[in-house]
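Rule-based calculations on the coordinates, nothing more; no lab input. Being a predicted model, the structure only gives us computed values, none of them experimental. When we count neighbours, we look across all protein chains shown, and the Cβ atoms used for this are built from the backbone with ideal geometry, even at glycine.
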Amino acid sequence: MADVARPDTILAWYRKLVARKFDGSKARRGPGRPRIKAEVEQLIVRMAKENREWGYDRIAGALSNLGHDVCDQTVGNVLQRHALPPAPERKHTTSWSAFIRMHLALLAGTDFFTAEVLTLRGLVTTCYFSSAWRAVGWISPGSRFTRT
């Protein structure tokens, strides 16, 4: 061994070996806490979009019922990353496509038609039939919406 390397070289190799063993690189990770699983993050976003009035606590509770232990602050961070506002703001920002998607069964089962009928209360101009409500109603000029 004395012919292959000098003592300083052997000591340098030893220092590098020890430094590599104890530098903590195997245990070293990125800064902060680890991210939550992608499936849980997608579930949080889906719950927030489908249930616009649910807040962070309610979403965290629903996830807990499904077996995912997530705190409300994590739910808030996920929604912030996906540019979804908190529940009070999310509740009031409904697009037309989301509105129609939520009420499609009612709208598809309602038939609006116009029939001018003279009644004791006056002239009835617009009627509707709703199979979802199982109701017939009318709207006359100057009166309130009526459902029977």
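Just a few scattered comments:
- FRET efficiency for the pair residue 95 and residue 120, taken as 1/(1 + (r/R0)^6) with r the Cβ-Cβ distance and R0 = 30 Å, rounds to 0.10.
- The stretch 15-90: translational diffusion in µm²/s, Stokes-Einstein, Kirkwood Rh over Cα pairs, 37 °C, 0.692 mPa s: 230
- R0 of 35 Å, Cβ-Cβ distance residue 6-residue 33: FRET efficiency to nearest 0.05: 0.15
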